[in-house]
Amino acid sequence: MTSNGTCCCGCGSKEAAFSALAPVLEQYGKTPGSLITILQHAQDLYGYLSTDAIQYIAEYTGIKPAKIYGVATFYTQFRLSPIGKHLIMLCKGTACHVNGADSIEEAVTEELGITDGQTTEDGLFTLNNVACLGCCSLAPVMMIRTADGDETYGNLTKAKVRAILQDIRAKEAASK
Amino acid sequence: MKVVVGQGSCGVATGARKTSDELERLIAEKGLTNVAVDLTGCVGTCYLEPIVDVYGDDGALQARYVKVQPDKAAAIVEEHLMGGRIVEDLAISRQDEAFLSQQKRIVLRNCGVINPEHIEEYIAAGGYEAAKKAVTSMTPQQVIEEVRISGLRGRGGAGFPTWFKWNAARQNQADQKYMVCNADEGDPGAFMDRSVLEGDPHSVLEGMLIGGYAIGASQGVIYVRAEYPLAIKRLEIAMAQARERGFLGQNLFGTGFSFDIRIKAGAGAFVCGEETALIASLEGERGMPRLKPPFPAQRGYWQKPTNINNVETFANVPWVLLHGGAALAAIGTEKSAGTKVFALAGKIKKGGLVEVPMGLPIRDIIFGIGGGIKNDKAFKAVQMGGPSGGCIPAELAGTTVDYESIPKTGAIVGSGGMIVMDEDTCMVDMARFFLDFTRKESCGKCNYCRVGTKRMLEILERITRGEGRDGDIELLEELAEKIKDGSMCGLGQTAPNPVLTTIRYFRNEYEDHIYKKKCTAHSCKALIHYEITDACKGCTLCARNCPVGAITGSVKQRHVIDQDTCIKCGKCMDSCKFGAIVKD
């Protein structure tokens, strides 16, 4: 799929571009109350909800694009722009706050040059502050999500965060 | 023999899966064909993860090993499994055992004991007996009566009597009713529900089944946070196994009663903990609350009678049916029966999940079970009830935890988050933290909540930046009352609580910030400054570590910090080897 949501073969077909979404729409598209489920699947497939994806879902389900946009922007889970390969979910829950989550955020910002919601220029990292990961006794905590799964890191310090991020960078460089 | 590795989210985060893999690898390598490696949920002692239990062939626990990183697996395999000797270095200490022995476990009865992915283990522990008893030998009204006798109150936060809600839903006639489980644990700092879902999902399914039978619902929905992937996975496995065994589906226990459950993953909105907002979200809408009445018991999900209970409430239900309502009522206090699970976190030595009888003093939980404050600092306050709750100061640590005593302090029992704060925690900053949260999570429907929380946050931010003005405290109090009165749902009505309780108990901290431009906890960056004392040896390390070049001085001479250039990052203090830099 190209960035404007059309098929990469050049035929310009949106059907082909969102073919992976077809079975999801087939299953949930006509069931009332399934919009959030559809959006969750779409985001799993494409990493974020593009305008074209929202348009496509709107056409199939008959739900107005404005309403879909309203739902997508209401919930923190949904993203409207692409994310990096490694999604850093930095916990800002109460226990993490009390145990210094702000300094952990500083360390990420110092190391990667990005703040909450931003993606590094090389597309490797996105930083997202999240309300709570539920691992409060390991505070401060962050979770890094990749296509291979989630990895949670607890009892963080600034030095630990730097080491973790540098390690990922080094592995990425080596795999190239 | 059986080796069981605790694999709740906390355990996995500390490397339990790697430990489990390493144990399996070593057991295979040594050819120990009589040893099986299994998993279980969270036992609650998060600070000791990863935890490995070794059971003998007779099923008795031989040893519990703690903080077992993968490199420690070899010792367990070689010494215990092969040599028959307990590895004393890794075994849980007496003090740590006390963390568990002082608890009363009803909700967590199976967590950390059974494998949550094997229904056989739940059944062997008496699972689905309560459902069978209810469906085959009791009328729905008798079930509700038993729950009434138990005194069980909703564990989600409000503490509303469970039987009353069930009865209301039962009395409303309709062709379809719904039993909904609220597993959208949104309080930042609480993880009780996650642990129950990960460690004992069947207890929740069974509780829902019993509740469904009582109100006359054939469909159940679990609204669970998408941020809890492991909980969702274990629920899915549990539901599939329950269907296979005939505990979910058509004609359960050979009666005409049918009940099935599906999962709906929430998408992240704190306000969806409110019943009507949760229902809107279930219907695929923005999760915005609506006016009550009609109550969900009258017109809820798809306009049908709907009952919503919290995970912990449901996990109590099978126990109540099996042991009788009077057994639960005998635990706790007169008006707050049973136990409550708390997520103990923050500046605490032994953080984790604790389940205690209602009516226990806060002090006993923090110092008795939790081992006291991290690094032996001074205990300042405990935050209960999350963004809807409040901060209870150290001098009220004798307050008992129940639905009558806690609200008198201005906090609420809440869903069970208990965040401990020490002398280094700034209470104004805590209030700012919670207002920042509620401001973001306000759905925007009511003006006072939408705009009022923003204005309160702005004032608090100003105060923590050192720009507080005379009259700010009074303005905060006035806004707080207006927001409470002018908001439709619980989110807005309780959002000012963290501010009101901190003003009530820590007014001096607000005044210090505003009038003396001082943060006594040394937490608000704008109000602290670093200074180099006579202890300075002139080693130049601090000057070399300062990112903005604010430190000057010659070798072997006392250095000086230029306060205008200093960004208060604290790197100088961290790097000084002589303790010559102080924060004020």
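So here's what we get for this one:
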| quantity | calculated |
| --- | --- |
| Residue in the stretch B:71-86 that is under 29 Å from B:Ala315 (Cα atoms) and outside the structural domain of B:Ile369 (by TED's automatic domain parsing) present | no |
| Residue identified as among the basic types (Lys, Arg) and crowded, with 18+ Cβ neighbours inside 10 Å among A:Lys92, A:Lys176, A:Lys171, A:Lys160 | A:Lys92 |
| Residues (within 28 Å of A:Phe74 (Cα to Cα) and crowded, with 20+ Cβ neighbours inside 10 Å) located in the stretch B:420-438 | B:Asp429, B:Met430, B:Ala431, B:Arg432, B:Phe433, B:Phe434, B:Leu435, B:Phe437, B:Thr438 |
| Search result, residues across the stretch B:178-212 that are in a helix (DSSP H, G or I) and within 11 Å of another protein chain (Cβ to nearest Cβ) | B:Met192, B:Asp193, B:Arg194, B:Ser195, B:Leu197, B:Glu198 |
| Condition check for B:Ala63: more than 25 Å from A:Ile144 (Cα to Cα), in contact with a His (Cβ under 7 Å, 6 or more places away or on another chain), away from chain A (no Cβ under 14 Å) and without any contact (Cβ under 8 Å) to a residue 40 or more places away in the chain | yes |
| Helices (runs of 4 or more DSSP H) contained entirely in the stretch B:1-112, each with at least 2 residues that are farther than 26 Å from B:Glu227 by Cβ | B:16-29, B:94-101 |
| Candidate set: the stretch B:558-579, residues that are under 38 Å from the mean Cα position of the chain (by Cα) and among the aliphatic types (A, V, I, L, M); chosen: the one farthest from the other protein chains (Cβ to nearest Cβ) | B:Met573 |
| Among the residues listed as B:Ile532, B:Ile528, B:Ile514, the single one being surrounded by 19 or more Cβ atoms within 10 Å (Cβ to Cβ) and over 30 Å from B:Lys408 (Cα atoms) | B:Ile532 |
| Test result for B:Gln241, surrounded by fewer than 22 Cβ atoms within 10 Å (Cβ to Cβ) and touching a His at 6+ places or on another chain (Cβ under 9 Å) | yes |
| Qualifying residues in the stretch A:115-151 (those that are in a strand (DSSP E or B) and touching a Cys at 6+ places or on another chain (Cβ under 7 Å)) - the one farthest from the other protein chains (Cβ to nearest Cβ) | A:Met142 |
| Selection within the stretch B:64-88 - under 31 Å from the mean Cα position of the chain (by Cα) and among the charged types (D, E, K, R) | B:Arg64, B:Lys67, B:Asp71, B:Lys72 |
| Residues of the stretch A:71-114 classified as over 18 Å from the mean Cα position of the chain (by Cα) and either of a type outside the set (S, T, N, Q) or facing another protein chain (nearest Cβ under 8 Å) (or both), total | 16 |
| Boolean, A:Leu133 is closer than 30 Å to B:Phe342 by Cβ and outside the structural domain of A:Leu39 (by TED's automatic domain parsing) | yes |
| Selected residue (only one of B:Arg432, B:Arg439, B:Arg462 is within 14 Å of chain A (Cβ to nearest Cβ), under 26 Å from B:Asp584 (Cα atoms), assigned to a helix (DSSP H, G or I) and among the basic types (Lys, Arg)) | B:Arg432 |
| Scope the stretch A:35-57; condition within 14 Å of another protein chain (Cβ to nearest Cβ) and either touching a Gly at 6+ places or on another chain (Cβ under 6 Å) or among the charged types (D, E, K, R) (or both); matching residues | A:Leu35, A:Ile36, A:Asp44 |
| Selection from the stretch B:1-52 of residues that are more than 16 Å from B:Tyr65 (Cβ to Cβ), more than 12 Å from chain A (Cβ to nearest Cβ), in contact (Cβ under 8 Å) with a residue 24 or more places away in the chain and among the polar types (S, T, N, Q) | B:Asn34 |
| Flag if B:Val451 is surrounded by 24 or more Cβ atoms within 10 Å (Cβ to Cβ) and either modelled with pLDDT of 95 or more or not in a helix (DSSP H, G or I) (or both) | no |
| Residue, surrounded by the fewest Cβ atoms within 10 Å (Cβ to Cβ), within the stretch B:391-417, restricted to residues that are at pLDDT 95 or above and assigned to a strand (DSSP E or B) | B:Thr400 |
| Answer residue from the stretch B:442-456, given it is hydroxyl-bearing (Ser, Thr, Tyr) and within 26 Å of the chain's Cα centre (by Cα) and is nearest to the other protein chains (Cβ to nearest Cβ) among those | B:Ser442 |
| Where a residue in the stretch B:268-292 is at pLDDT 95 or above and its partner, wherever it lies, is of a type in the set (Phe, Trp, Tyr), with Cβ under 6 Å and at least six apart | B:Leu278/B:Tyr223; B:Ile279/B:Tyr301; B:Leu282/B:Tyr301; B:Arg286/A:Phe74 |
| Subset tally (residues that are free of Cβ contacts under 8 Å to residues at least 40 places away in the same chain and under 15 Å from B:Pro161 (Cα atoms)) for the stretch B:297-339 | 1 |
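The values are calculated or read from the model by the stated rules, or taken from the named source; none is laboratory data. Just so we're clear, the structure is a prediction, and the values are computed from it rather than from any experiment. Cβ coordinates were reconstructed from backbone atoms using ideal geometry, including for glycine residues, and neighbour counts include every protein chain displayed.
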